[in-house]
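Worksheet: one structure, shown below.
The values are calculated or read from the model by the stated rules, or taken from the named source; none is laboratory data. Computed from a predicted structure; not experimentally measured. With ideal geometry, Cβ positions are generated from the backbone for all residues, glycine too; neighbour counts draw on all protein chains shown.
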Amino acid sequence: SVPLSFFGGIGAASKQGILVKGSNYLEALNAVDTVAFDKTGTLTKGQFAVTDVLPQANVTQDQLLQLAASVEQNSTHPIAASILAAYPGELLPVQDATEQAGHGLRATVNGQTVIVGNAKALNAANVTFIKPDAPGTVIYVAVANHYWGCVVIADEPKNDANRAIQLLNQRGIQQTVMLTGDNHTVGTTIAKQLQMTNVYTDLLPADKVKIVEQLTTPAHHRHKKVAFVGDGINDTPVLATADVGFAMGGLGSDAAVEAADIVIMGDEPSKVAQAMQIAKRTRQIVI
Ligand code: ADP
Ligand code: MG
């Protein structure tokens, strides 16, 4: 049977915009000592500004951005919205677009195969490219396996992200970990800015699952539990793997809301610490 006060905990949480799917998750939260976060849209705003458009010879900036934006029409990733916002002009007709999580998109434009994605996506297609000497998330473009250039975009931490990490530190959480599909430069810069303890970059969704599995292994972890916090884009597998999965409801997909144990309405990652505070108070009432 479930102690009545756990329902009190769930009620208190829901008043703060924190929807807990069962009293067992509040109990589990009391044992969490590691909190892992997705980056894009979770710790950062997920609204990228285009900072550089770097075409190869014989391609103009306008052509490069137009092609990237045309292909990105087929994605719901925050990167897509950001590139589309930077190109207000007319878009090209695009066929057969497919998206691969953690890579980017592939589509047909004017009868030619176009790739719009990260270094992994171009490497997988054996396209040689030049890594720009600019800090930021880099979106490469290739046409018929020839490198066309890249678009560099920059995201910034949410105002609430610093507070989220600080509150967890104050609660005595041992590790705050960033798990990101973005590149090493961007991941380490933002993790350092937020004073997180650990950062893993260039990850595919399956890599995130593996790392959380390692963190949750009892031998490694002395029966402590691991929470994962994500915005729902590409996060469904890792949400299901963590002992406690948090989906940020504001941007989250239906699948992520379903896979999560706790749904945070709105976009504040500090709600994780707030949920822990409620869980602790609830336990004190039980005892
Ligand atoms: P994060 O772990 O930071 O939330 P994702 O797993 O959603 O990131 O994406 C990882 C990386 O995959 C992005 O940084 C980007 O390089 C690439 N990517 C994902 N979706 C797209 C897209 N629609 N267009 C271009 N690149 C993409
Ligand atoms: Mg993400």
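Remarks
- Residues (away from ligand 2 (no atom under 16 Å from the Cβ), closer than 23 Å to Glu156 by Cβ and crowded, with 17+ Cβ neighbours inside 10 Å) located in the stretch 120-139: Gly136, Val138
- Breaking point among (1) within 13 Å of ligand 1 (Cβ to nearest atom); (2) under 27 Å from Ile211 (Cα atoms); (3) among the hydrophobic types (A, V, I, L, M, F, W, C), for Ala81: (2)
- Among the residues of the stretch 31-78, those identified as among the hydrophobic types (A, V, I, L, M, F, W, C) and near ligand 1 (Cβ under 10 Å from one of its atoms) are Phe37, Leu43, Phe48, Ala68, Val71.
- Number of the condition not met by Phe246 [criteria: (1) hydrophobic (A, V, I, L, M, F, W, C); (2) closer than 15 Å to Ser23 by Cβ; (3) not in a helix (DSSP H, G or I)]: (2)
- None of Ala101, Ala107 is among the hydrophobic types (A, V, I, L, M, F, W, C), within 26 Å of Val209 (Cβ to Cβ) and within 14 Å of ligand 1 (Cβ to nearest atom) except Ala101.
Okay, residues lined up against (1) over 17 Å from the mean Cα position of the chain (by Cα); (2) of a type in the set (S, T, N, Q); (3) more than 12 Å from ligand 1 (Cβ to nearest atom):
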| residue | (1), (2), (3) |
| --- | --- |
| Thr201 | no, yes, no |
| Thr217 | yes, yes, yes |
| Met248 | no, no, no |
| Ala255 | no, no, yes |
| Ile262 | no, no, yes |
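- Cβ-Cβ under 7 Å pairs, at least 6 apart or on other chains, the stretch 59-76 side at pLDDT 95 or above, far side among the small types (Gly, Ala, Ser) and within 16 Å of ligand 2 (Cβ to nearest atom): Glu72/Ala80
- Selection over the stretch 179-201 of residues that are within 14 Å of ligand 2 (Cβ to nearest atom) and under 20 Å from Leu239 (Cβ atoms) gives a count of 7.
- Condition check for Ile165: over 24 Å from His77 (Cα atoms), without any contact (Cβ under 8 Å) to a residue 60 or more places away in the chain, buried (at least 18 other Cβ atoms within 10 Å of the Cβ) and more than 16 Å from ligand 2 (Cβ to nearest atom): yes
- Flag if Thr180 is surrounded by 15 or more Cβ atoms within 10 Å (Cβ to Cβ), at pLDDT 95 or above and in the same structural domain as Lys271 (by TED's automatic domain parsing): yes
- Listed by position, the strands (runs of 3 or more DSSP E) enclosed by the stretch 1-115 that each have at least 1 residues that are outside the structural domain of Val199 (by TED's automatic domain parsing), more than 16 Å from ligand 2 (Cβ to nearest atom) and of a type outside the set (Val, Ile, Thr) are 49-55, 95-100, 104-109.
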